[in-house]
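Participant: This is the structure I have questions about; it appears just below.
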Amino acid sequence: MPILLKNNALPRRTFLRGLGVGLSLPLLDAMRPAVLSAAERSAAETVPRRMLGVCNNLGLLPEKFFPTDSGANYTLSPYLKNLEKHRDDFSVFSGVWHPDVDGGHPADNCFLTAAPHPGSGGFRNTISLDQHIAEHVGHLTRFPSMTLGVNVQRGLRSLSWTGAGVLIPCEENPRTVYEQLFLQGSPDEVNAQVAKLSVGQSIMDAVAGQTKALQRKLGKKDRNRVDQYLTGVRELEQRLEAAKEWEHVPKPKPRGETPLNPEDPKAYMDKVRLMYDMARLAFETDSTRAVTLMLDSVNSPAIDVDGIQITDGYHNLSHHGKNEAKIKQLEAIDVWHMRLLDELFTKLKNVEEGSDSLLDRTMIVYGSNLGNANTHVTTNLPVLLAGGGFRHGSHLAFDTENNYPLPNLFVSMLQRFGIETDKFATSTGTFRGLQLA
């Protein structure tokens, strides 16, 4: 069907409907179409590396998180004492930021992209760390990447963004993640799923054809936008073709019981624990090598934690205004985040991969887009890096007034993956002081 222009203007509904097809499948991002055999995958890398990026978008109380001294013999802060038995498995940083990433809460979308000025009107995001990794190793696994979330405002927040700056929605139901990882349909169900994917591909082709016809009638600025859209369409076609192949590859045998999704919004910490478990299972079965987890608390109600009654919403508590009662409740929430991180590290260390543990093979970057949620500042971010084959056990302290670029950490992580690069976003090199194990 031709696209008609009325009075030299494109009908808004027609244009959005065309875009809707492309943007409705953002999880289908760039991936080479080939599915490698087991022998080919083994030859590519005997024991693979993984990456987990976690953003707690309400931050942590700075005075409780940051150590007061630096170096290898630093004194654990009150929060980091919850990770004491893993002291040699993580590094903590202070005085780091994403240069020019401002805007308060919108900065969470840039935690793994470092795209500047997310609060500005003309902002367009850039590729996230996990998607950069997926472009290089995503073809080796069933899922090039997995984008998870807890309490996320769907369509507004995510840690994962494509090369065209398109948000990849978070999956918030741990049961759905489990089913994607382990449940294999009957032959008829598999064929039906492949047929659905084929239909999806033909839709992408049709939209691309219509958009190309439209391009000739648009101005230069709009043609550039359409070019970006067509790039996304081509990426989706590649992913759809690869997904068809993977439907015929048997999934791993189920591990543990199918999780139940906590329906009560107060069960926030239960859901965080389940999502950590899903990420661990995805790595353990080599179903993917790049996972992101957005812990979105901006619209959270009062949540349940053991040992103290929480009387106000999580977001309201983060704007404590130095009210002691609010700070006490917020500290209880923060401590639970640290305890869940401790559980995750322990479970990953208990999984052996050759002479290493799964933690040794998994780079976990945990932090926040806010240095202090009470004031919305995006400097001096609380960040730690665990596992992944780096030499850990230190507090790497940088200037808390003139911050050090956090994207340098992403360059070091990409290089640890074996990806040849010396640049990511606003980086100036590799991360100073961080050494390989």
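None of the figures in this text is laboratory data; all of them are computed from the coordinates on show. As the structure is a computational prediction, the values presented were derived from the model and not from experiment. Backbone-built Cβ (ideal geometry, glycine too); neighbour counts: all protein chains shown.
Participant: Considering only Cα-Cα distances, which of the following residue pairs are longer than 23 Å: 220/423; 253/349; 349/423; 85/326; 81/266; 326/347?
Facilitator: 220/423; 349/423; 85/326; 81/266; 326/347
Participant: Remind me, relative contact order of region 291-381 in percent, using alpha carbon pairs under 8 angstrom and six or more residues apart?
Facilitator: 17 percent
Participant: Would you calculate the separation in nanometres between label points at residue 347 and residue 402, each defined as 7 Å from the Cα along the Cα-to-beta-carbon direction?
Facilitator: Label-label distance for residue 347 and residue 402, simple model: 4.4 nm.
Participant: Still on this structure, please answer the following. Just how many % of Cα pairs in region 231-381 lie over 20 Å apart, if you round to the nearest whole percent?
Facilitator: Percent of Cα pairs beyond 20 Å in region 231-381: 62.
Participant: Please report, for the Cα atoms of region 314-397, the Rg to one decimal and the Dmax as a whole number; what are they, in angstrom?
Facilitator: Radius of gyration, then largest Cα-Cα span, for region 314-397: 16.0, 50 Å.
Participant: Once the convex hull of the alpha carbons of region 150-192 is built, what does its volume come to per residue, in cubic angstrom?
Facilitator: Numbers: hull volume 4.9 nm³, N = 43.
Spread over its residues, the Cα hull of region 150-192 gives 113 Å³ apiece.
Participant: Here is a further query. Using the beta-carbon distance between residue 423 and residue 183 and R0 = 45 Å, what value does 1/(1 + (r/R0)^6) give for FRET efficiency, to the nearest 0.05? Show your work: numbers first, answer last.
Facilitator: Values: r = 40 Å, r/R0 = 0.90.
The computed FRET efficiency comes out at 0.65.
Participant: Would you give the gap between the C-alpha center of region 73-101 and the C-alpha center of region 407-431, rounded to a whole Å?
Facilitator: Spelled out, the Cα-based centre of one part sits 20 Å from the other.
Participant: In Å, what Kirkwood hydrodynamic radius results for region 123-187 from the alpha-carbon pair distances?
Facilitator: About 13.1 Å, per the Kirkwood formula over Cα pairs.
Participant: Please work out the Cα convex hull volume for region 351-433 and give it in Å³ per residue. Don't skip to the answer; put the middle values down first.
Facilitator: Working: hull volume 9.2 nm³, N = 83.
Taking the convex hull of the Cα positions in region 351-433, it is 111 Å³ per residue.
Participant: Among residues other than residue 294 whose Cβ falls under 15 Å from its Cβ, what is the net charge (Lys/Arg +1, Asp/Glu -1)?
Facilitator: -2
Participant: Still on this structure, I have one more. Enumerate the calculated ³J(HN,Hα) couplings along region 313-324 in order (Karplus 6.51 cos²θ - 1.76 cosθ + 1.60, θ = phi - 60°), each rounded to whole Hz, writing x wherever the residue is Gly or Pro.
Facilitator: Values, residue by residue: x, 4, 5, 4, 5, 5, 8, 6, x, 6, 6, 4 Hz.
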